[in-house]
Each structure stands twice: as structure tokens, then as C-alpha cells.
2 protein chains.
Amino acid sequence: MNVAIAGVGQTKVGEHWGLSLREMSLQAIEGALDEAGNPKVEALFVGNMLAGLGGQLHLGPLIADYVGIVPKEAVRVEATCASGGAAFRSALHFVQATGKAALVCGVEKMTDVPPREATRELVTAADAELEGVHGPSFPALNALLMRRYMHEFHCRVEDFALFPVNAHKNAMHCEWAMYHRPITAQDVCESKSISSPIRLLDCSPRSDGSASAVLVPQAQGIDTPVTVVGSAAATDTLTLAGRRDLLTLDAARESARLAYEMAHLGPGDIDVFELHDAFSIIAVLSLEAAGFAPRGGGVTLAMEGEIAPGGRIPICTFGGLKARGHPIGATGVYQIVELVKQLRGDGGGNQVPAEVGMAQSIGGVGGTAITHILARGD
Amino acid sequence: MNVAIAGVGQTKVGEHWGLSLREMSLQAIEGALDEAGNPKVEALFVGNMLAGLGGQLHLGPLIADYVGIVPKEAVRVEATCASGGAAFRSALHFVQATGKAALVCGVEKMTDVPPREATRELVTAADAELEGVHGPSFPALNALLMRRYMHEFHCRVEDFALFPVNAHKNAMHCEWAMYHRPITAQDVCESKSISSPIRLLDCSPRSDGSASAVLVPQAQGIDTPVTVVGSAAATDTLTLAGRRDLLTLDAARESARLAYEMAHLGPGDIDVFELHDAFSIIAVLSLEAAGFAPRGGGVTLAMEGEIAPGGRIPICTFGGLKARGHPIGATGVYQIVELVKQLRGDGGGNQVPAEVGMAQSIGGVGGTAITHILARGD
């Protein structure tokens with residue numbers, strides 16, 4: 001059974017001081033349900049990382065009540081930064097297991113977290129007893145990977161800058177992106193050092209937002225159906241010290257391998273790739289893990305212009321985490337929303353020629369990876 | 001397809017000052033895998049409520065790594081006090097959708113939470129903006145229900161005391177129970193008032209523990225198979241003020257109704273019921289919601305001795321949340337472990353005659369309810 005996506009919805013990403021978590025969720029879910037023609041949904045899967053740390057767990061019934069689907073079941077799925085992808089995969093299993101329609105909603109309200117606490121909260125994605133206890137921030141853990149990459153492959157900070165430059169350029173045409181501001185490689189290199197060698201403009205921003213999709217057991221009756229042809233998740237050690245190779249995201253590689261296998265496809269078949277560019281280095285390693293470049297070749301791919309629209313593998317076509325914004329638990333669902341728009345031909349100024357697309361949601365510094373392959377048609 | 005439970009494992013419930021969250025999980029998972037003959041499992045679903053508030057999210061890969069199943073997928077499911085039941089239901093969907101074996105592991109380490117913070121953390125199960133902001137503790141919200149029940153049905157604190165008395169009596173024979181100490185109704189009534197009319201001995205204790213089960217797509221090859229014949233989840237408003245009727249747990253009623261429907265069974269077919277006695281009042285309302293007594297009749301059922309082993313519907317046969325203990329995110333999985341033991345005839349001093357059993361996991365003050373019906377045989 002190829003589960004289809006009958007509708008998608010999303011809020012603008014940004015700093016939503018005037019909207020609560022449940023209000024953002026309602027906007028996204030109403031959008032998705034409207035597009036889908038308001039089908040009867042039997043379950044809601046919520047992707048969220050941080051709300052509990054701010055005093056609100058139990059988002060399943062909270063949101064189900066606010067959008068008016070009580071007593072339907074509703075549960076939260078958490079895999080830190082991959083929570084959105086994980087919630088989508090749970091919804092997929094629900095539809096496959098029961099033959100009934102389901103909603104997925106990713107939501108995060110990072111402006112509820114004071115900046116000082118955010119550092120402490122984001123590092124909950126790492127191993128608290130073995131890494132967190134030594135005091136690294138979350139960017140610092142990613143900086144270790146970037147430093148190693150620069151050492152091993154003799155590249156420079158400005159080589160990585162091509163990723164945020166591409167993301168900001170793509171976001172110019174995306175109405176729900178957080179930033180509509182082109183940046184240059186020089187801007188990136190001259191921006192504040194966050195955790196050397198990571199600069200401010202290598203980092204995705206703190207964002208609020210919510211995205212949603214309606215999953216149905218069959219494509220029948222949908223005008224331009226988009227179906228899920230591959231889905232897989234994998235894990236790696238949380239601690240970087242436990243890794244086989246610091247520069248291979250093994251979970252990303254494994255989840256991509258399994259998703260390709262399920263879809264009977266390979267990297268050469270993917271027309272658009274929404275990857276998890278939380279930091280420039282993660283974009284690079286994701287491209288390599290998903291088979292678009294050899295180990296050490298991700299940066300070269302960008303230097304050759306292949307990640308831009310019209311290139312061999314366009315990434316972050318609506319701005320990615322860097323410029324569309326990264327409302328953590330919602331991000332994996334934004335990726336799905338954006339793939340659906342590309343595959344339907346609804347991409348507007350961001351449209352790339354695409355019949356098959358891939359989204360990859362990464363949790364922590366690669367401890368979790370969840371890959372989905374979507375295709376136009378039933 | 002009737003998914004079967006091939007093995008179960010659990011730690012003793014108690015105050016495990018010397019064991020970390022991952023170490024407890026390992027004990028439970030190793031027990032379950034050993035019993036199941038160490039099958040290849042393809043996924044792990046973790047039920048946990050509070051670890052994130054203590055600084056550790058991302059339990060999926062954390063535990064997957066510690067038990068040695070990386071790169072298999074692993075994710076955390078959260079529905080506050082119903083997280084264990086929710087994780088079990090997610091594992092069930094995974095097995096049904098993929099035809100592969102899965103692990104579920106519920107785990108909670110409440111001794112990591114200082115008592116003063118615990119009050120703040122537990123109320124994250126309620127609606128922070130509409131209830132929490134007014135300052136109630138979690139017991140206080142449950143006390144409102146008990147007060148209303150006493151008013152409407154003219155019963156007394158001592159009538160409710162029969163539930164903790166039964167739980168403590170049953171726990172005497174349970175090696176993994178937190179308490180091995182019989183109590184009397186007088187003890188309950190004379191214990192400290194927590195949130196009037198709730199007394200200390202009406203409350204389940206703060207506990208550490210972990211429980212696990214292995215789910216496989218078929219019962220073939222299992223000596224005494226136990227299969228999942230009914231599974232359903234439902235929601236209610238988080239706010240008590242939003243409820244249709246303060247004394248009906250609508251989510252519990254709906255999830256029981258759907259589980260009965262799926263199993264083609266009714267309350268009369270259930271031989272043993274592991275219910276969510278987080279507070280005495282919730283045990284009463286659960287019995288009513290699941291159809292074992294009419295509205296207002298739950299207390300009477302206890303007074304007539306029908307909840308004890310040998311009664312019409314034995315509950316909390318290994319001590320329940322009250323006396324086995326309530327390691328929150330693990331509790332829903334402990335209920336499954338205990339049902340499996342009853343249905344296999346492995347109940348030891350706690351054995352009741354049983355071919356069909358039901359477990360019900362409740363989140364918050366009934367915002368989530370998840371019901372499973374298990375049966376002996378394939």
C-alpha cells in the first residue's frame with residue numbers, strides 16, 4: 001500500500017510572539033485539512049522537542065482538543081531535532097496498520113525559551129552523562145565535526161559558506177521562510193564566531209512554526225497525488241566518541257539505504273533533496289551519507305554549483321533549516337510539505353523539475369536519522 | 001494479524017539510586033530478549049515522561065546504543081503517564097505495518113527529580129496555560145474529581161481506601177513490587193492529607209523502574225503465546241473545565257469501547273484488569289469507564305469484594321500503580337508484563353484464573369487513555 005499525502009499546511013516561520021503553540025498548530029492543521037477536503041482523520045501524531053522543558057507535555061490531547069478532533073487518539077513523538085520526521089513515520093505506520101487517515105503536526109515555539117536556557121535545552125539531544133556533563137553547547141559538538149572535516153579534507157570556512165548562501169537565495173521566493181535576505185560567502189565568514197570554526201551564519205536560527213500533513217491510505221480521489229514510496233529510520237551512538245568514523249553520519253547513511261531499498265531507487269533517481277542543514281557541516285555530511293557525494297566530496301558538490309536549482313541535486317529549495325528557519329520539532333514536517341509542493345508542481349518561484357524527492361530529518365548530531373522518499377503519482 | 005508477545009522483562013520497582021536510566025532499561029530489555037530467545041528486533045519504542053526535564057531527551061538512540069541494537073531505529077513516545085501504553089501501541093503499529101519484530105521499553109527515574117521540582121514537573125501533564133498557571137498540583141486536580149464523586153454519590157474517604165488496601169495486599173507476592181507491606185483502610189484514612197480529600201496512601205509513589213516486551217508478527221514458535229487482540233487509544237480535553245462530565249473518563253471509555261470492538265469482546269469477557277490507579281479515584285473511574293460498573297458504582301464494586309483475586313474483576317493483581325509502584329513512563333509496559341504473566345499462568349502467588357486480560361494506561365487526569373486486550377493462545 002502506497003500511503004498518499006492528501007493535504008499540507010504550514011505557518012510562516014519566524015518569531016511568533018503573538019501566537020501560542022496550540023494556535024500555530026491549528027493554523028497548520030486547518031491548512032492541511034482544508035487542502036485535503038476535510039476528510040475524517042482517526043489519529044494525530046505531534047512532533048515536538050522542547051515544549052515539555054517549558055512546562056507543557058501531553059501535546060497530543062492539547063492540540064487534538066484545540067483543533068476539534070477529540071476523542072481521536074493523539075500522541076507526541078520525540079527524537080529531538082528529528083521529531084517531525086519521526087512523527088511523520090509514526091503516522092505512516094498508523095495508516096498502514098489500520099487503513100485509516102491520520103494527521104501529523106510538527107510544532108515548536110522557541111521564543112518561549114529564554115536564550116540563556118536554550119543552550120542548556122538544545123544539548124539535551126546529546127548524551128547528558130557522557131557529553132553534556134563536560135559542558136559543550138550543541139553548536140560546539142557540531143564544530144568538532146567541521147574542524148575534523150577541514151583538517152582531513154583541507155578545506156576552508158568559506159567553502160562551507162556556499163550552503164547558507166544557497167539556502168538564503170532559495171528562501172527569497174518562499175512566502176513562509178523566516179528570512180528574505182540574500183547573503184554572501186563573505187557575510188558568512190565575517191559573521192560572529194559561535195563555536196569555532198562555526199560562524200553565526202552557518203547556524204540555523206531559533207524559530208517558531210508549525211507544519212502539518214494529512215496521510216490517507218490511498219491516492220484515489222486526489223488531484224495531483226504524492227505518495228510515500230520509501231521510509232526508514234536508523235540510529236547511531238549519541239556520543240561522538242562512540243562513532244566508527246566522525247565524518248560519516250552512519251544513521252543517515254543507513255536510513256537512506258533502507259529508504260532507497262524500499263523505493264527500489266537510488267541517489268540518481270532523486271530530483272530534489274530536503275536535507276537537515278542545521279549547521280553547514282551537517283548539510284555536507286548529509287549529502288555524503290545519502291550517496292550524492294563520496295566521503296569528503298560534499299563541499300565540492302556545492303563548489304560545482306550542483307546543490308542549486310538546476311544543479312544535479314537541488315537542496316533546501318525553500319530555504320532549508322538555515323533560511324526557511326528551524327522550528328525544531330516542526331522541521332521534519334516542513335520538509336515533507338515542501339517536497340509535496342515540488343512534486344505537485346506547486347513550488348512557485350522555488351519550483352525545480354521533480355518527480356521524486358527525498359527528505360531527511362536528523363536528530364542531535366546524527367544520533368537519529370529518518371529518511372522519506374516521496375513520488376508524484378499513485 | 002494477531003501480534004504476539006514473545007518475551008517480557010522488568011526491573012524491581014523502587015528507589016534505584018545506584019542505577020541510571022540506561023542501566024534500568026538494559027535490565028528490562030535483556031530480560032525480555034532472553035525470554036523471547038533473542039530474536040532479531042528492528043525497532044525500539046521508548047515510553048518516558050520526565051527524562052527531558054532532567055536534561056536528557058533523545059532516549060531512543062541512547063538506549064538503543066546501550067543495549068547494542070544500533071543502527072536499528074529507536075524513538076520516544078510521550079503521553080505523560082500513558083507513555084508506556086502509547087509506546088506499546090506504536091510498537092504494535094510498527095509490527096503490523098512492517099511485519100518485523102519490535103521492542104518496547106518503558107522507563108522512568110523519578111529519584112533523579114528533586115521532590116520540590118517533581119510537583120512542577122508532574123503538572124506538565126495538565127494544560128499549562130489554562131490550568132497550570134493557577135497553581136494546582138497534579139494531586140489537586142485529581143482531588144477535584146474525588147471531591148465531586150463523594151458529593152454526588154454520598155461516599156466517604158474510607159470507601160476509596162479499599163483500593164490501596166487491595167493493591168498492597170496483592171503486592172505481597174510480587175517480587176518486583178516497590179512495597180511489601182499490608183495496609184488497612186484505617187492506615188489510609190489516617191495518612192497525611194496531600195490534597196483533600198486525597199490522602200498519602202491514596203497516591204501511587206514516586207518510583208524508578210523499567211519494563212520491556214518483545215512484539216513479534218506471529219505467535220508461531222512461542223510456547224505459551226499471548227496475543228494482542230484489542231488495541232485503541234483516545235483523548236479527552238486536558239482541562240477539567242472542558243469536560244462533558246467531570247465523573248466520566250471519556251477517553252478511557254472510548255478507548256475501551258474501541259478495544260472491545262476490535263477484539264469482539266465485552267467487559268464480561270475480561271478475567272483480569274490492570275488499571276491505572278495513580279490515585280484511588282482514578283481506579284474507581286476507570287472501572288466505570290471500562291464498563292465494569294455503572295457511573296457511581298465503582299466504589300460499590302470494591303465494597304462487594306469484586307476487585308480482589310477471586311472477585312468478578314480482579315484489578316492490580318501485582319500491586320498496581322499504588323503498591324507495585326508507578327515509574328511513570330514504564331507503568332503502561334509493567335501492566336503488559338503483568339498481563340502476560342497472568343495469561344501464561346506464570347503469576348505465582350498472584351495468579352488468577354485468566355484467559356483474557358485488559359490493561360489501561362491513562363495520561364494526565366484522563367486526557368489520554370490507551371487500552372489493550374491480550375489473550376492466551378494465537
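Filter the strands (runs of 3 or more DSSP E) completely within segment B:183-251 down to those with at least 2 residues that are over 24 Å from B:ILE328 (Cα atoms) and within 14 Å of chain A (Cβ to nearest Cβ).
none
Restricting attention to segment A:267-287, and to residues there that are in contact with a strand residue (DSSP E or B) (Cβ under 9 Å, 6 or more places away or on another chain) and over 17 Å from A:PHE163 (Cβ atoms), which single residue is surrounded by the fewest Cβ atoms within 10 Å (Cβ to Cβ)?
The qualifying residue surrounded by the fewest Cβ atoms within 10 Å (Cβ to Cβ) is A:ASP269.
Which one of the conditions (1) free of Cβ contacts under 8 Å to residues at least 24 places away in the same chain; (2) assigned by TED's automatic domain parsing to the domain that holds A:LEU44 does A:SER193 fail to meet, given that it meets all the rest?
Single failed check for A:SER193: (2).
Residues in segment A:163-190 that are over 26 Å from A:GLY296 (Cβ atoms) and surrounded by 22 or more Cβ atoms within 10 Å (Cβ to Cβ): how many?
Within segment A:163-190, residues that are over 26 Å from A:GLY296 (Cβ atoms) and surrounded by 22 or more Cβ atoms within 10 Å (Cβ to Cβ) number 4.
Going through A:LEU321, A:LEU247 one at a time, which residue ends up being assigned by TED's automatic domain parsing to the domain that holds A:SER137, more than 18 Å from the chain's Cα centre (by Cα) and not polar (S, T, N, Q)?
A:LEU247
Output the number of residues of segment A:40-72 satisfying the condition of being part of a loop (DSSP other than H, G, I, E, B), under 29 Å from B:GLN56 (Cβ atoms) and facing chain B (nearest Cβ under 7 Å).
Qualifying residue count, segment A:40-72: 5.
I'd like to know if segment A:277-284 contains one or more residues that are in a helix (DSSP H, G or I), closer than 11 Å to A:GLN360 by Cβ, assigned by TED's automatic domain parsing to the domain that holds A:VAL157 and touching a residue at least 60 places away in the same chain (Cβ under 8 Å).
Yes.
Are any of the residues in segment A:220-237 crowded, with 18+ Cβ neighbours inside 10 Å, modelled with pLDDT of 95 or more, polar (S, T, N, Q) and out of contact with any Pro (no Cβ under 8 Å at 6 or more places or on another chain)?
Scanning segment A:220-237 turns up at least one residue that is crowded, with 18+ Cβ neighbours inside 10 Å, modelled with pLDDT of 95 or more, polar (S, T, N, Q) and out of contact with any Pro (no Cβ under 8 Å at 6 or more places or on another chain).
Can you report the number of residues in segment B:153-162 which are buried (at least 18 other Cβ atoms within 10 Å of the Cβ) and without any contact (Cβ under 8 Å) to a residue 60 or more places away in the chain?
Residues that pass the stated criteria total 1.
Yes/no matrix, rows are residues, columns are (1) part of a helix (DSSP H, G or I); (2) on the phi > 0 side of the Ramachandran plot; (3) hydroxyl-bearing (Ser, Thr, Tyr):
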residue: B:LEU301; (1), (2), (3): yes, no, no
residue: B:PRO309; (1), (2), (3): no, no, no
residue: B:THR331; (1), (2), (3): yes, no, yes
residue: B:ILE336; (1), (2), (3): yes, no, no
residue: B:VAL340; (1), (2), (3): yes, no, no
residue: B:PRO353; (1), (2), (3): no, no, no
residue: B:ASP378; (1), (2), (3): no, no, no
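I'm checking my understanding of the structure. Among residues of segment B:73-86 that are at the interface with chain A (Cβ under 7 Å from one of its Cβ atoms) and under 19 Å from B:VAL214 (Cβ atoms), which one is nearest to the chain's Cα centre (by Cα)?
The residue in question is B:ALA86.
Out of segment A:238-266, which residues are among the hydroxyl-bearing types (Ser, Thr, Tyr) and crowded, with 17+ Cβ neighbours inside 10 Å?
Once the filter is applied, which keeps residues that are among the hydroxyl-bearing types (Ser, Thr, Tyr) and crowded, with 17+ Cβ neighbours inside 10 Å, segment A:238-266 yields A:THR239, A:SER255, A:TYR260.
Let me spell it out: the conditions are (1) farther than 18 Å from B:PRO205 by Cβ; (2) among the basic types (Lys, Arg); (3) more than 10 Å from chain A (Cβ to nearest Cβ); (4) part of a helix (DSSP H, G or I), and B:ARG116 meets all of them except one. Which number is the exception?
(1)
Of the residues A:ALA290, A:ALA308, A:ALA323, A:ALA330, only one is crowded, with 21+ Cβ neighbours inside 10 Å, of a type outside the set (Lys, Arg), within 24 Å of A:LEU265 (Cα to Cα) and in contact (Cβ under 8 Å) with a residue 24 or more places away in the chain; which?
Exactly one residue qualifies, and that residue is A:ALA290.
Checking the conditions here, which among B:LEU238, B:LEU200 is more than 18 Å from the chain's Cα centre (by Cα) and without any contact (Cβ under 8 Å) to a residue 60 or more places away in the chain?
Answer to the selection: B:LEU200.
Quick check on segment B:55-65. Is at least one of its residues among the hydrophobic types (A, V, I, L, M, F, W, C) and closer than 27 Å to B:ALA219 by Cβ?
Scanning segment B:55-65, I find at least one residue that is among the hydrophobic types (A, V, I, L, M, F, W, C) and closer than 27 Å to B:ALA219 by Cβ, so the answer is yes.
Scanning for something in contact with a strand residue (DSSP E or B) (Cβ under 8 Å, 6 or more places away or on another chain) and at the interface with chain B (Cβ under 8 Å from one of its Cβ atoms), does segment A:126-145 turn up at least one residue?
No.
Would you call A:GLU108 outside any helix (DSSP H, G or I), within 23 Å of the chain's Cα centre (by Cα) and more than 9 Å from chain B (Cβ to nearest Cβ)?
yes
For A:MET150, which of the numbered conditions (1) of a type in the set (A, V, I, L, M, F, W, C); (2) touching a residue at least 12 places away in the same chain (Cβ under 8 Å); (3) surrounded by fewer than 18 Cβ atoms within 10 Å (Cβ to Cβ); (4) out of contact with any Phe, Trp or Tyr (no Cβ under 9 Å at 6 or more places or on another chain) fails to hold?
(4)
Yes or no: B:ALA369 among the small types (Gly, Ala, Ser) and part of a loop (DSSP other than H, G, I, E, B)?
Against the criterion (among the small types (Gly, Ala, Ser) and part of a loop (DSSP other than H, G, I, E, B)), B:ALA369 does not qualify.
Give the residues of segment B:125-140 that are in a helix (DSSP H, G or I), over 18 Å from the mean Cα position of the chain (by Cα) and either without any contact (Cβ under 8 Å) to a residue 12 or more places away in the chain or buried (at least 23 other Cβ atoms within 10 Å of the Cβ) (or both), sorted by residue number.
B:GLY132, B:VAL133, B:HIS134
Out of everything in segment B:285-325 that is in contact with a Ser or Thr (Cβ under 6 Å, 6 or more places away or on another chain) and of a type outside the set (D, E, K, R), what residue ends up being farthest from B:ASP202 (Cα to Cα)?
B:GLY325
Just checking, which of A:LEU26, A:LEU92 is assigned to a helix (DSSP H, G or I), under 19 Å from the mean Cα position of the chain (by Cα) and outside the structural domain of A:GLY329 (by TED's automatic domain parsing)?
Among A:LEU26, A:LEU92, only A:LEU92 is assigned to a helix (DSSP H, G or I), under 19 Å from the mean Cα position of the chain (by Cα) and outside the structural domain of A:GLY329 (by TED's automatic domain parsing).
Which residues, counting only those in segment A:60-92, are surrounded by fewer than 24 Cβ atoms within 10 Å (Cβ to Cβ) and either on the phi < 0 side of the Ramachandran plot or modelled with pLDDT under 95 (or both)?
A:ASP65, A:TYR66, A:VAL67, A:ILE69, A:VAL70, A:PRO71, A:LYS72, A:LEU92
Considering each residue of segment A:96-105, count those that are within 11 Å of chain B (Cβ to nearest Cβ) and buried (at least 24 other Cβ atoms within 10 Å of the Cβ), and give that number.
1
The values are calculated or read from the model by the stated rules, or taken from the named source; none is laboratory data. Small disclaimer: the values here were computed from a predicted structure and weren't measured. As a convention, Cβ positions derive from the backbone with ideal geometry for all residues, glycine included, and neighbour counts pool all protein chains shown.
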